[in-house]
1. What FRET efficiency do you get for R41 and A150 if R0 is 35 Å and r is their Cβ-Cβ distance, rounded to the nearest 0.05?
2. Mind checking the full-extension length gain between S118 and A161? Use 0.36 nm per residue of separation minus the Cα-Cα distance, one decimal, nm.
3. Give, as a single signed number, the net charge of other residues whose beta carbon lies under 13 Å from the beta carbon of D75, with Lys and Arg counted +1 and Asp and Glu -1.
4. Accessible area per residue of the range 73-127 at 1.4 Å probe, in Å²?
5. Would the range 63-169 count as rounded, prolate or oblate if I go by the C-alpha gyration tensor, calling it rounded below 1.5 in a/c and otherwise prolate when a/b exceeds b/c, oblate otherwise?
6. On a full-extension model of 0.36 nm per residue, what is the gain between A168 and Q107, subtracting their alpha-carbon distance, rounded to one decimal in nm?
7. What net charge is computed for the residues neighbouring K90, neighbours being all others with C-beta under 14 Å from the C-beta of K90, Lys and Arg scored +1, Asp and Glu -1?
8. Just add up the charged neighbours of R120: K/R +1, D/E -1, any other residue whose Cβ is under 11 Å from the Cβ of R120.
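The values are calculated or read from the model by the stated rules, or taken from the named source; none is laboratory data. This is a predicted model, so every value here is computed, not measured. All Cβ positions, even for glycine, are placed from backbone atoms using ideal geometry, and neighbour counts span all protein chains on display. In case anyone asks, the SASA skips ligands and DNA or RNA and just uses the protein heavy atoms, side chains included. Shrake-Rupley method; radii C 1.70, N 1.55, O 1.52, S 1.80 Å.
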Amino acid sequence: MESRVICVVDMLSRMAIPRIFISSTFYDLKYIRADLDVFIRQQGYEPVRNERGSIPFASDVELEQSCYREVANCDMLISIIGGRYGTASKHDDASISQKELRKAIEQGKQVFIFVERSVRHDHRTYLRNPQNETIVYPSVEDVRIHKFIAEVDALPINNAAFEFESAAD
């Protein structure tokens, strides 16, 4: 009987902990990322984010390819969208954060999307004036972020985007 209990305990200890990929630009959202990391750990899950060394980089592939590979190894993706567009992919006109979200959706992962409230507000103004290039959007560094948000808004159901102002949101 004791050997069966030890076997079950051993099996449970080897069960995979759900892994949650945190996708966003780094510098503008690093505090949100850090707070989200703490919250995810408190839930008993494993956060995956670049600055903690969670993404193993291969010497034979580009950095962005390592990110996409790690999305595939996760159970869920949280996409945080602020006013920075981030690093552009070397392969198309999307940002790496945008492509991480696309990869997760293509792979059928559960995604949670959070758009900074001030950026969402600027996006509403952009939608009313898409051809007016003279408008300055105080919360948006690069107008390409509006295309990213439009892509998020066009996603099918069950991929809702929530607004946030702080990590507590």
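1. 0.60
2. 14.1 nm
3. Numbers: positive: R19, K109; negative: E46, E70.
Counting the neighbours of D75, the net charge comes to 0.
4. On the way: 2450 Å² over 55 residues.
Per residue, the range 73-127 has an accessible area of 45 Å².
5. Since a/c reaches 1.5 and a/b is larger than b/c, the shape of the range 63-169 is classed as prolate.
6. 19.1 nm
7. Working: positive: K99; negative: E62, E64, D92, D93.
Cβ neighbours under 14 Å give a net charge of -3.
8. Charge balance near R120 sits at -3.
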